[in-house]
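Shown next, in structure tokens, is the structure this report addresses.
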Amino acid sequence: MEHDADGRLLDREPIEPPASFVAQANVRESGIRRTFEREWPDCWERAGDLLDWDRGYDAVLAGGGTEPPFRWFAGGRLNASYNCVDRHLDERKNQVAIQWEGRLGETETYTYLDLYREVNEFAVALRALGVEADDVVTLYMPMIPELPIAMLACARLGAVHNVVFAGFSASALASRMERAESRFLVTCDGYYRRGAATNQKNKADNARISLDHDVEATVVVSRLGDEMHLGERQYGYADLLTAHEGERVTPVARDATDPLFLIYTSGTTGAPKAVTHTTGGYLAHVAWTARAVLDVKPEDTYWCSADIGWITGHSYVVYGPLALGTTTVLYEGTPDHPEKDRVWRIIERNAVDVFYTAPTAIRAFMKWGAEYPARNDLSSLRLLGTVGEPINPRVWEWYYAHVGGESCPIVDTWWQTETGAIVISTLPGVDAMKPGSAGRPLPGIGARVVDGDGEPTAVGETGHLVLDRPWPGMPAALATGEGWASGGYPRRSADGWRYAAGDEATVDADGYVTVLGRIDDVVNVAGRRFSTMELESRIVEVEGVAEAAVIGGDDRDTGRAVYAYVSLERDYPGDDCLRARIEERVREGIGPMAIPEAIVFTPDLPKTRSGKIMRRLLEDIANGEALGDTSALRNPEILGEIESVVRRDPADEE
Ligand code: PRX
């Protein structure tokens, strides 16, 4: 296969999925997109049918589907914890539900029966601490089994969980609890990260102290095993389980449109953006896509390597696989500890069938070398997946050859925190693959690439990626229509309802969508989202800083990297000391994973006559590209003065 300089295939020869895969695929109807089109929106009943309902729904989509409110599975009532746990007991109570691989090589196994017992006991404990339906419970934990257990315990009570990625700082945790008015917190004493134990409880305590409202109860899981010092209204997780041993809670039936959880992501403003997902629509959409795209079967061992702190972990480590009754692997550590073959050892040891990861991880595997996967028996693998950012065809091919042995299809799944579940991907038992392109919109999904006037772009032309029909996993604010004013969602355009994803893309003659990246003020680095505004507001808090502009530039290893251009107050020295203070401020304000790759001090920032910072030019500089149009600049001379980018070693990234 031939590539251009960016690694794109010149001659895109589609790759057919192996016949052996197709023969066993969950979905192999070649006409499924047409069928869904004809039967839309009732086609989504196939997703609803994957769940058990306490009360059946009256309509797959109430409200016509052209204008909000969009009420998916209206009238239906269900409980997510029941769907992920209880209903599997008859057929597979002793099958492994969660296979946990600890950082230090320890393992733990939870069968569906174990999971049922612990979810119940913890749900009883939460209720005894005062948690009721609709209360927001914040979960601030790393990749330990107690995190999905706490999620399911909340879901059992109809409480709304708010998982905050464990690497976030105390102040980032506090702002997420504050906004959600969350009065309950579940955390742990600490956890291992790159050889050292971090003190998670300390961060949680600092967050609690800074809140305006009271926290009624904090539950602390002992991960490190050291003696814990519990203060007032703080409870040890293990003690609570002992106190409620053998007790059970009847799952609380929720309306399909009731919230299941909320998750904060980076939007286009300085503040984190809350996205709330519903119980029925979200769960049906994740279960359907885990089945149709990730080809998950109950007898599989399935591993999605994402952290539960982000949406991928919610949808495809916890809810999707458990709703289907499979075995989901949970890995606490990093891929290079103790050796660079850790991932392949976990796959071999557990005979993993389906592996779902991010391009940033695959690029690291590629850099370490094919000898690491080659050392292990990966023949159990049937399907590979990727998510989070565009995958370069060279990287795709490496994954295909060295991990999949050229016998596993790869699904390149495009979706977002807002979509809740996969919306664009090949169906591995139906579609040919084109490396570098995600594929066509899934059956039942309306996705298009449009120009600035909202008209579909011509083949190969770049435009905005929009979803122009509602989908089951859509966020509550988008479904009710109430979020449009406050949630930063785009308004309805003249020719009908649509959601603009904030991504740029092209479509080829077969309808395959190639996603190019973000076009709004969000930077996507190593599969994680950062708001340029949020970073800028932290940086300008540092004494001596006048202005800051944060952009995403190209990076050889991570694909994208965050660059901060900082102008200083008069006579303030732009030295390493100031650079360290900026890094510290970002670490405290957000977390270590958000520290910019490079901080460039500059006398001024390139601005238009009206004072708007021209970020595009800063991106060009970071990428070493020829500068775009500079005629609108009021200070063109500044471009020559902006120094070359200083790279920081990203090794201590969280
Ligand atoms: O830019 C797209 C990129 O990730 C963004 C969504 O980020 P987040 O909400 O954090 O969710 C990440 C995991 C679902 C998108 O707007 N993105 C996600 N998947 C892909 C992708 N870009 C290209 N190809 C993908 N497969």
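The values are calculated or read from the model by the stated rules, or taken from the named source; none is laboratory data. Here the structure is a predicted model, which is why all the values come from computation and not from measurement. Every residue, glycine as well, gets a Cβ built from its backbone with ideal geometry; the counts of neighbours run over all protein chains shown. Just so you know, the surface numbers come from the protein's heavy atoms only, side chains and all, with ligands and any DNA or RNA stripped out. Shrake-Rupley method; radii C 1.70, N 1.55, O 1.52, S 1.80 Å.
Here are some notes:
- Only one of the numbered conditions (1) open to solvent by 30 Å² or more (accessible area, probe 1.4 Å); (2) in contact with an Asp or Glu (Cβ under 7 Å, 6 or more places away or on another chain) is violated by Val22, and that is (2).
- Cβ separations smaller than 6 Å between residues 6+ apart or across chains give the following pairs from the stretch 610-625 residues that are in the same structural domain as Arg560 (by TED's automatic domain parsing) and modelled with pLDDT of 80 or more to residues that are open to solvent by 50 Å² or more (accessible area, probe 1.4 Å) and in a loop (DSSP other than H, G, I, E, B): Leu617/Leu627; Asp620/Leu627.
- Number of the condition not met by Leu427 [criteria: (1) buried (at least 22 other Cβ atoms within 10 Å of the Cβ); (2) at pLDDT 95 or above; (3) within 13 Å of the ligand (Cβ to nearest atom)]: (3)
- Count of residues meeting criterion [out of contact with any strand residue (DSSP E or B) (no Cβ under 7 Å at 6 or more places or on another chain) and not aliphatic (A, V, I, L, M)] in the stretch 559-617: 22
- A Cβ distance below 6 Å, combined with a sequence gap of six or more or placement on separate chains, defines the contacts here; from the stretch 374-389, residues that are open to solvent by 20 Å² or more (accessible area, probe 1.4 Å) and within 16 Å of the ligand (Cβ to nearest atom) reach residues that are among the aliphatic types (A, V, I, L, M) and assigned to a loop (DSSP other than H, G, I, E, B) in the pairs Gly388/Ala358.
- If you go through the stretch 310-366 and pick out every residue that is more than 15 Å from the ligand (Cβ to nearest atom) and either open to solvent by less than 10 Å² (accessible area, probe 1.4 Å) or of a type outside the set (Gly, Ala, Ser) (or both), you end up with 35.
- Any hit, the stretch 256-265, residues being farther than 21 Å from Ile144 by Cα and modelled with pLDDT under 95: yes
- Cross-chain or 6+ apart pairs with Cβ under 7 Å, the stretch 508-520 first and on the phi < 0 side of the Ramachandran plot, then away from the ligand (no atom under 15 Å from the Cβ) and assigned to a loop (DSSP other than H, G, I, E, B): Asp508/Val459; Asp508/Gly460; Ala509/Val459
- Within the stretch 89-112, the set of residues being within 19 Å of Leu51 (Cα to Cα), open to solvent by 10 Å² or more (accessible area, probe 1.4 Å) and either among the basic types (Lys, Arg) or in contact with a Leu (Cβ under 8 Å, 6 or more places away or on another chain) (or both) comprises Leu89, Arg92, Lys93.
- Qualifying residue in the stretch 93-108 (condition: over 30 Å from Ser222 (Cα atoms) and either more than 24 Å from the chain's Cα centre (by Cα) or assigned by TED's automatic domain parsing to the domain that holds Asp300 (or both)): no
- In the condition set (1) in contact with a His (Cβ under 6 Å, 6 or more places away or on another chain); (2) within 30 Å of His285 (Cα to Cα); (3) hydrophobic (A, V, I, L, M, F, W, C), Ala370 is compliant with all but (2).
- Contact map, the stretch 442-462: residues that are among the hydroxyl-bearing types (Ser, Thr, Tyr) paired with residues that are open to solvent by less than 30 Å² (accessible area, probe 1.4 Å) and not in a loop (DSSP other than H, G, I, E, B), Cβ distance under 6 Å, separation 6+ or inter-chain. Pairs shown: Thr457/Val449; Thr457/Gly463; Thr462/Thr506.
- Restricting the stretch 497-514 to residues that are out of contact with any His (no Cβ under 7 Å at 6 or more places or on another chain) and open to solvent by 20 Å² or more (accessible area, probe 1.4 Å), the residue that is farthest from the ligand (Cβ to nearest atom) is Ala509.
- Looking only at the stretch 258-306, and only at residues there that are under 16 Å from the mean Cα position of the chain (by Cα) and among the hydroxyl-bearing types (Ser, Thr, Tyr), the one that is nearest to Pro428 (Cα to Cα): Thr289
- Among (1) outside any strand (DSSP E or B); (2) assigned by TED's automatic domain parsing to the domain that holds Tyr116, the one test that Val343 misses: (2)
- Strands (runs of 3 or more DSSP E) (entirely within the stretch 159-273) containing at least 1 residues that are surrounded by 22 or more Cβ atoms within 10 Å (Cβ to Cβ) and within 16 Å of the ligand (Cβ to nearest atom): 160-163, 259-266
- Each residue in the stretch 390-424 was checked for being of a type in the set (Gly, Ala, Ser) and away from the ligand (no atom under 15 Å from the Cβ), and 4 pass.
- Failed criterion for Val119 (all others in (1) more than 30 Å from Glu339 (Cβ to Cβ); (2) in contact with a helix residue (DSSP H, G or I) (Cβ under 9 Å, 6 or more places away or on another chain); (3) open to solvent by 10 Å² or more (accessible area, probe 1.4 Å); (4) free of Cβ contacts under 8 Å to residues at least 40 places away in the same chain hold): (3)
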